[in-house]
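First up is the structure itself, then whatever we jot down about it.
The values are calculated or read from the model by the stated rules, or taken from the named source; none is laboratory data. Since this is a predicted model, take the numbers as computed values, not measurements. Because the Cβ atoms are built from the backbone with ideal geometry, glycine has one as well, and the counts that use them run over all protein chains shown.
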(Lines give C-alpha, C1' and ligand atoms only; values in the text may rest on other atoms or scores of the structure.)
Protein backbone atom coordinates (compact mmCIF):
# COMPACT_ATOMS: atom_id res chain seq x y z
CA UNK A 1 0.00 0.00 0.00
CA UNK A 2 2.83 2.42 0.82
CA UNK A 3 4.43 1.86 -2.57
CA UNK A 4 1.07 2.38 -4.26
CA UNK A 5 0.64 5.73 -2.49
CA UNK A 6 4.08 6.88 -3.67
CA UNK A 7 3.27 5.90 -7.25
CA UNK A 8 -0.13 7.59 -7.20
CA UNK A 9 1.23 10.84 -5.74
CA UNK A 10 3.99 10.88 -8.35
CA UNK A 11 1.39 10.47 -11.09
CA UNK A 12 -0.92 13.12 -9.67
CA UNK A 13 1.70 15.82 -9.19
CA UNK A 14 2.72 15.80 -12.85
CA UNK A 15 -0.84 15.36 -14.07
CA UNK A 16 -1.87 18.35 -11.96
CA UNK A 17 0.95 20.42 -13.44
CA UNK A 18 -0.21 19.61 -16.98
CA UNK A 19 -3.78 20.46 -16.02
CA UNK A 20 -2.54 23.67 -14.42
CA UNK A 21 -1.60 25.00 -17.84
CA UNK A 22 -5.21 24.56 -18.94
CA UNK A 23 -6.48 26.22 -15.76
CA UNK A 24 -4.36 29.31 -16.37
CA UNK A 25 -4.83 29.46 -20.14
CA UNK A 26 -8.21 31.30 -20.26
CA UNK A 27 -6.79 34.33 -18.44
CA UNK A 28 -3.05 34.17 -18.99
CA UNK A 29 -2.58 32.15 -22.18
CA UNK A 30 0.02 29.43 -22.60
CA UNK A 31 3.15 31.51 -23.05
CA UNK A 32 6.61 30.69 -21.82
CA UNK A 33 5.86 32.90 -18.79
CA UNK A 34 2.91 30.69 -17.83
CA UNK A 35 4.92 27.50 -18.18
CA UNK A 36 7.89 29.04 -16.39
CA UNK A 37 5.62 30.08 -13.52
CA UNK A 38 4.00 26.65 -13.28
CA UNK A 39 7.24 24.72 -13.33
CA UNK A 40 8.89 27.03 -10.80
CA UNK A 41 5.96 26.92 -8.39
CA UNK A 42 5.68 23.14 -8.56
CA UNK A 43 9.42 22.75 -7.99
CA UNK A 44 9.27 25.17 -5.07
CA UNK A 45 6.30 23.31 -3.60
CA UNK A 46 7.94 19.92 -3.98
CA UNK A 47 11.18 21.22 -2.46
CA UNK A 48 9.32 22.59 0.54
CA UNK A 49 7.38 19.33 0.78
CA UNK A 50 10.54 17.24 0.71
CA UNK A 51 11.97 19.31 3.55
CA UNK A 52 8.79 19.23 5.64
CA UNK A 53 8.35 15.53 4.94
CA UNK A 54 11.81 14.89 6.33
CA UNK A 55 11.06 16.97 9.42
CA UNK A 56 7.74 15.22 10.05
CA UNK A 57 9.31 11.82 9.40
CA UNK A 58 11.63 12.35 12.36
CA UNK A 59 8.68 12.87 14.69
CA UNK A 60 7.28 9.36 15.16
CA UNK A 61 5.73 8.89 11.71
CA UNK A 62 2.76 6.61 11.20
CA UNK A 63 0.53 5.41 8.39
CA UNK A 64 -2.39 7.29 9.98
CA UNK A 65 -0.50 10.59 9.83
CA UNK A 66 0.37 9.84 6.22
CA UNK A 67 -3.34 9.36 5.59
CA UNK A 68 -4.04 12.84 6.95
CA UNK A 69 -1.38 14.26 4.64
CA UNK A 70 -3.26 12.75 1.71
CA UNK A 71 -6.68 13.91 2.88
CA UNK A 72 -5.67 17.58 2.93
CA UNK A 73 -4.64 17.81 -0.75
CA UNK A 74 -7.57 15.53 -1.59
CA UNK A 75 -9.95 18.15 -0.18
CA UNK A 76 -8.06 20.91 -2.00
CA UNK A 77 -8.46 19.03 -5.28
CA UNK A 78 -12.16 18.35 -4.74
CA UNK A 79 -12.86 22.00 -3.95
CA UNK A 80 -10.50 23.33 -6.63
CA UNK A 81 -13.29 24.27 -9.09
CA UNK A 82 -14.89 26.43 -6.39
CA UNK A 83 -11.91 28.70 -5.82
CA UNK A 84 -9.67 28.43 -8.88
CA UNK A 85 -11.75 30.57 -11.26
CA UNK A 86 -12.45 33.41 -8.77
CA UNK A 87 -8.78 33.59 -7.76
CA UNK A 88 -7.56 33.44 -11.35
CA UNK A 89 -10.06 36.10 -12.43
CA UNK A 90 -9.16 38.38 -9.52
CA UNK A 91 -5.45 38.25 -10.33
CA UNK A 92 -6.19 38.77 -14.02
CA UNK A 93 -8.22 41.91 -13.25
CA UNK A 94 -5.29 43.37 -11.30
CA UNK A 95 -3.33 43.39 -14.59
CA UNK A 96 0.08 42.89 -12.97
CA UNK A 97 1.84 42.09 -16.22
CA UNK A 98 2.50 39.04 -18.37
CA UNK A 99 5.15 37.76 -15.97
CA UNK A 100 3.85 38.52 -12.50
CA UNK A 101 0.18 37.67 -13.08
CA UNK A 102 0.65 33.98 -14.02
CA UNK A 103 3.31 33.62 -11.32
CA UNK A 104 0.97 34.86 -8.58
CA UNK A 105 -1.87 32.73 -9.93
CA UNK A 106 0.38 29.67 -9.91
CA UNK A 107 1.43 30.33 -6.33
CA UNK A 108 -2.15 30.84 -5.18
CA UNK A 109 -3.56 27.77 -6.91
CA UNK A 110 -0.80 25.17 -7.00
CA UNK A 111 1.81 25.77 -4.29
CA UNK A 112 -0.04 24.24 -1.32
CA UNK A 113 -1.11 21.02 -3.10
CA UNK A 114 2.44 20.60 -4.43
CA UNK A 115 3.84 20.93 -0.90
CA UNK A 116 1.62 18.16 0.45
CA UNK A 117 2.38 15.88 -2.49
CA UNK A 118 6.08 16.52 -1.93
CA UNK A 119 5.81 15.46 1.71
CA UNK A 120 4.84 11.93 0.71
CA UNK A 121 8.19 10.61 -0.60
CA UNK A 122 10.45 11.34 2.40
CA UNK A 123 7.68 10.46 4.86
CA UNK A 124 7.00 7.08 3.28
CA UNK A 125 10.75 6.47 2.99
CA UNK A 126 11.07 6.67 6.78
CA UNK A 127 8.17 4.27 7.30
CA UNK A 128 9.65 1.80 4.82
CA UNK A 129 13.15 2.07 6.28
CA UNK A 130 11.71 1.21 9.69
CA UNK A 131 10.21 -1.96 8.27
CA UNK A 132 13.01 -3.07 5.93
CA UNK A 133 16.18 -1.68 7.53
CA UNK A 134 17.74 -1.16 4.08
CA UNK A 135 17.69 2.59 3.63
CA UNK A 136 19.60 2.90 0.35
CA UNK A 137 17.54 0.40 -1.60
CA UNK A 138 14.31 1.52 0.02
CA UNK A 139 14.79 5.19 -0.80
CA UNK A 140 15.89 4.38 -4.34
CA UNK A 141 12.86 2.18 -4.91
CA UNK A 142 10.41 4.78 -3.62
CA UNK A 143 11.84 7.61 -5.68
CA UNK A 144 11.91 5.36 -8.74
CA UNK A 145 8.23 4.56 -8.18
CA UNK A 146 7.42 8.25 -7.76
CA UNK A 147 9.25 9.16 -10.96
CA UNK A 148 7.65 6.30 -12.88
CA UNK A 149 4.27 7.48 -11.63
CA UNK A 150 5.09 10.99 -12.86
CA UNK A 151 5.87 9.63 -16.31
CA UNK A 152 2.61 7.69 -16.46
CA UNK A 153 0.63 10.66 -15.13
CA UNK A 154 2.16 13.01 -17.70
CA UNK A 155 1.54 10.73 -20.67
CA UNK A 156 -1.98 9.67 -19.70
CA UNK A 157 -3.08 13.21 -18.93
CA UNK A 158 -1.60 14.94 -21.96
CA UNK A 159 -2.26 12.19 -24.52
CA UNK A 160 -5.63 10.86 -23.41
CA UNK A 161 -7.39 11.96 -20.23
CA UNK A 162 -7.82 15.68 -20.95
CA UNK A 163 -9.63 14.89 -24.18
CA UNK A 164 -11.82 12.23 -22.58
CA UNK A 165 -12.71 13.76 -19.21
CA UNK A 166 -11.82 17.45 -19.23
CA UNK A 167 -9.77 19.49 -16.77
CA UNK A 168 -12.28 20.01 -13.95
CA UNK A 169 -13.39 16.37 -13.83
CA UNK A 170 -9.77 15.17 -13.80
CA UNK A 171 -8.76 17.43 -10.92
CA UNK A 172 -11.77 16.33 -8.86
CA UNK A 173 -11.06 12.69 -9.72
CA UNK A 174 -7.54 13.14 -8.40
CA UNK A 175 -9.03 14.40 -5.15
CA UNK A 176 -11.19 11.30 -4.92
CA UNK A 177 -8.16 9.07 -5.58
CA UNK A 178 -6.18 10.78 -2.81
CA UNK A 179 -9.02 10.40 -0.32
CA UNK A 180 -9.56 6.76 -1.29
CA UNK A 181 -5.82 6.07 -0.96
CA UNK A 182 -5.81 7.59 2.51
CA UNK A 183 -8.51 5.36 3.97
CA UNK A 184 -6.53 2.07 4.12
CA UNK A 185 -3.64 3.87 5.82
CA UNK A 186 -5.74 4.41 8.94
CA UNK A 187 -6.23 0.63 9.27
CA UNK A 188 -2.58 -0.37 8.76
CA UNK A 189 -1.58 0.87 12.23
CA UNK A 190 2.00 1.25 11.09
CA UNK A 191 3.92 3.41 13.54
CA UNK A 192 7.61 4.19 13.54
CA UNK A 193 8.90 5.20 16.96
CA UNK A 194 11.93 7.43 16.71
CA UNK A 195 14.04 7.81 19.81
CA UNK A 196 17.75 8.42 20.37
CA UNK A 197 18.32 8.37 16.64
CA UNK A 198 16.94 4.84 16.27
CA UNK A 199 13.75 3.85 14.52
CA UNK A 200 11.61 0.98 15.77
CA UNK A 201 8.68 -0.36 13.77
CA UNK A 202 5.43 -0.93 15.63
CA UNK A 203 2.54 -2.65 13.93
CA UNK A 204 2.58 -4.75 10.81
CA UNK A 205 3.32 -3.74 7.26
CA UNK A 206 1.13 -5.78 4.89
CA UNK A 207 2.76 -7.91 2.27
CA UNK A 208 3.63 -5.85 -0.77
CA UNK A 209 4.13 -2.74 1.39
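Over 17 Å from the mean Cα position of the chain (by Cα) and either touching a residue at least 60 places away in the same chain (Cβ under 8 Å) or over 20 Å from residue 11 (Cα atoms) (or both): is that true of residue 73 in this structure?
No: the conditions fail for residue 73.
Within the stretch 47-64, which residues are surrounded by 19 or more Cβ atoms within 10 Å (Cβ to Cβ) and over 11 Å from the mean Cα position of the chain (by Cα)?
Correct list: 53, 57, 61, 62, 63.
Return yes when residue 72 is closer than 14 Å to residue 115 by Cβ and surrounded by fewer than 22 Cβ atoms within 10 Å (Cβ to Cβ) and no when it is not.
yes
List the helices (runs of 4 or more DSSP H) inside the stretch 141-188, counting only whole elements, that have at least 3 residues being surrounded by 14 or more Cβ atoms within 10 Å (Cβ to Cβ).
Output list reads 167-182, 185-188.
When you go through 28, 4 one by one, which is the residue that is surrounded by fewer than 19 Cβ atoms within 10 Å (Cβ to Cβ) and out of contact with any strand residue (DSSP E or B) (no Cβ under 7 Å at 6 or more places or on another chain)?
4
Checking the structure you have, find out if any residue of the stretch 136-144 is closer than 20 Å to residue 39 by Cβ, at pLDDT below 90 and out of contact with any strand residue (DSSP E or B) (no Cβ under 8 Å at 6 or more places or on another chain).
Scanning the stretch 136-144, I find at least one residue that is closer than 20 Å to residue 39 by Cβ, at pLDDT below 90 and out of contact with any strand residue (DSSP E or B) (no Cβ under 8 Å at 6 or more places or on another chain), so the answer is yes.
May I ask you to list the residues in the stretch 80-108 that are touching a residue at least 40 places away in the same chain (Cβ under 8 Å), part of a helix (DSSP H, G or I) and surrounded by fewer than 24 Cβ atoms within 10 Å (Cβ to Cβ)?
The answer is 80, 81, 84, 88, 89, 91, 92, 101, 103, 107.
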